[in-house]
Amino acid sequence: MIAIRGLTKRYADKVAVDNISIEVMAGKVTGFLGPNGAGKSTTMRVIMGLDHPTSGEATIGGKAYSTLKWPMRKVGALLDAKGVHPGRSGRDHLLSMAYSNGIPAKRVDQVLEEVGLANVAKKRAKGYSLGMSQRLGIASALLGDPEVLLFDEPVNGLDTEGVRWVRHMMRRLASEGRTVFVSSHLMSEMQQTADQLVIIGKGKVIMDAPMADVIARGSRNAVIVRSPQTQGLDQLAKALEGESAAVERVSPHELHVVNGTVEAVGQRAAELGVQLHELAMRQSSLEEAYMELTAESVEYTSAGRQSKA
């Protein structure tokens, strides 16, 4: 487990992380989301002992990273895929890490095979593509067979097969009882991968909840109702509005009931004798819910999205 308690990190007059407290539990993939500049990378660097907190603490299994005798056997991390000496081969890079942590050389070959780099293991890192560098970084994280894993943008530069492989790998690691903490900007991928989400903005925790609860916060959740009976839909809309439901008439044959349930809408339609061709819940996507939750926390905005901050 990763425990972050009252963590604050300042750089001169800028507060990168502002008194956050998080527990990242074993047996789950926990997604770490937030706009650029929200404090995600800083938090991960503090966990890994690369930055010192201004106040508060981050521990792994109750211990600070700097106190671990064999850190790679406890924690594996991919924070910077290009953090490799360009003149070293992928295998030599992993061997140097293995020797410093008492890990046998045969484990190097195992992880190279696992990440798909066995055929280019002796190639110098400066010749690696971005995707190959990502795979080498993942191999580094897996090298010590650790209980806790941190990944910062692990699918950056990977093709479709690689993205799918990372997704299944993280799910497998969590199913083995490990702690998996992953930061990503790919909402569709996070929706398929994470069990729990921690969303931060401007250094503060906005939401820490299961995936389903985060998506349920989206305003675009609605019951979709389609019927060939336009007058019947008119009656149904009036009845639902009379019961304080928010009803949107999308077309003569379709309604969206924003704050209703499938059961309640179906029951009302049956009572009114309205024939239905479709009755289904349309949920917000993670991306839609995330955009709403972080609307006031975006530091850098494009023309298509204006910050309220």
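The values are calculated or read from the model by the stated rules, or taken from the named source; none is laboratory data. Just so we're clear, the structure is a prediction, and the values are computed from it rather than from any experiment. Counting neighbours? That spans all protein chains shown, and the Cβs are built from the backbone with ideal geometry, glycine included.
Taking each residue of segment 66-86 that is in the same structural domain as residue 182 (by TED's automatic domain parsing) and more than 12 Å from residue 142 (Cα to Cα) and looking for partners that are in a loop (DSSP other than H, G, I, E, B) and β-branched (Val, Ile, Thr) with beta-carbon atoms closer than 9 Å, six or more apart or interchain, yields 70/103.
Within the set 216, 270, 280, 212, the sole residue that is more than 30 Å from residue 10 (Cα to Cα), loosely packed, with under 14 Cβ neighbours inside 10 Å, within 17 Å of the chain's Cα centre (by Cα) and modelled with pLDDT of 90 or more turns out to be 212.
Just checking, how many residues over segment 55-73 are touching a Phe, Trp or Tyr at 6+ places or on another chain (Cβ under 9 Å) and either part of a strand (DSSP E or B) or surrounded by fewer than 18 Cβ atoms within 10 Å (Cβ to Cβ) (or both)? Talk me through it step by step, then tell me what you get.
Of the residues in segment 55-73, the ones touching a Phe, Trp or Tyr at 6+ places or on another chain (Cβ under 9 Å) are 58-59, 71.
From the residues that got through so far, the ones that are either part of a strand (DSSP E or B) or surrounded by fewer than 18 Cβ atoms within 10 Å (Cβ to Cβ) (or both) too are 58-59.
Final tally of qualifying residues: 2.
Give segment 187-198 a look and list any residue that's touching a residue at least 40 places away in the same chain (Cβ under 8 Å) and buried (at least 18 other Cβ atoms within 10 Å of the Cβ), or say none. Within segment 187-198, 190, 191, 193, 194, 196, 197, 198 qualify. Screening 260, 201, 232 for residues that are free of Cβ contacts under 8 Å to residues at least 40 places away in the same chain and not hydroxyl-bearing (Ser, Thr, Tyr) leaves exactly one candidate, 260.
State the number of residues belonging to segment 174-186 that are on the phi < 0 side of the Ramachandran plot, surrounded by fewer than 20 Cβ atoms within 10 Å (Cβ to Cβ) and modelled with pLDDT of 95 or more.
Residues of segment 174-186 on the phi < 0 side of the Ramachandran plot: 174-176, 178-186.
Checking the rest, the ones that are also surrounded by fewer than 20 Cβ atoms within 10 Å (Cβ to Cβ) come to 175-176, 178, 185-186.
Filter again for modelled with pLDDT of 95 or more, leaving 175-176, 178.
Here the count works out to 3.
Kindly indicate whether residue 98 is among the hydrophobic types (A, V, I, L, M, F, W, C), in the same structural domain as residue 115 (by TED's automatic domain parsing) and not in a loop (DSSP other than H, G, I, E, B).
Values: among the hydrophobic types (A, V, I, L, M, F, W, C): yes; in the same structural domain as residue 115 (by TED's automatic domain parsing): yes; not in a loop (DSSP other than H, G, I, E, B): yes.
So residue 98 passes the test.
Within segment 109-131, the set of residues being without any contact (Cβ under 8 Å) to a residue 40 or more places away in the chain, more than 14 Å from residue 76 (Cα to Cα) and not in a loop (DSSP other than H, G, I, E, B) comprises 109, 110, 112, 113, 114, 115, 118, 119, 120, 124, 127, 131. Of 139, 121, 64, all but one fail to be under 23 Å from residue 153 (Cα atoms) and touching a strand residue (DSSP E or B) at 6+ places or on another chain (Cβ under 8 Å); the exception is 121. Scanning segment 26-38 for residues that are surrounded by fewer than 24 Cβ atoms within 10 Å (Cβ to Cβ) and more than 22 Å from residue 173 (Cβ to Cβ) yields 35, 36, 37. Of the residues that sit in segment 219-267 and are charged (D, E, K, R) and part of a loop (DSSP other than H, G, I, E, B), which one is surrounded by the fewest Cβ atoms within 10 Å (Cβ to Cβ)? Selected residue: 243. Of the residues making up segment 178-205, those that are part of a strand (DSSP E or B) and not hydrophobic (A, V, I, L, M, F, W, C) are 179, 183, 196, 201, 204. Is it fair to say residue 169 is assigned by TED's automatic domain parsing to the domain that holds residue 154, in a helix (DSSP H, G or I) and buried (at least 22 other Cβ atoms within 10 Å of the Cβ)? Considered against the rule, which asks whether it is assigned by TED's automatic domain parsing to the domain that holds residue 154, in a helix (DSSP H, G or I) and buried (at least 22 other Cβ atoms within 10 Å of the Cβ), residue 169 comes out as no. Residues in segment 263-294 that are without any contact (Cβ under 8 Å) to a residue 24 or more places away in the chain and not assigned by TED's automatic domain parsing to the domain that holds residue 239: 291 only. Taking the numbered list (1) closer than 29 Å to residue 16 by Cβ; (2) in contact with a Ser or Thr (Cβ under 7 Å, 6 or more places away or on another chain) in turn, residue 233 passes all entries but (1). Criterion first (buried (at least 23 other Cβ atoms within 10 Å of the Cβ) and touching a residue at least 40 places away in the same chain (Cβ under 8 Å)) does residue 47 satisfy it? In short, yes.
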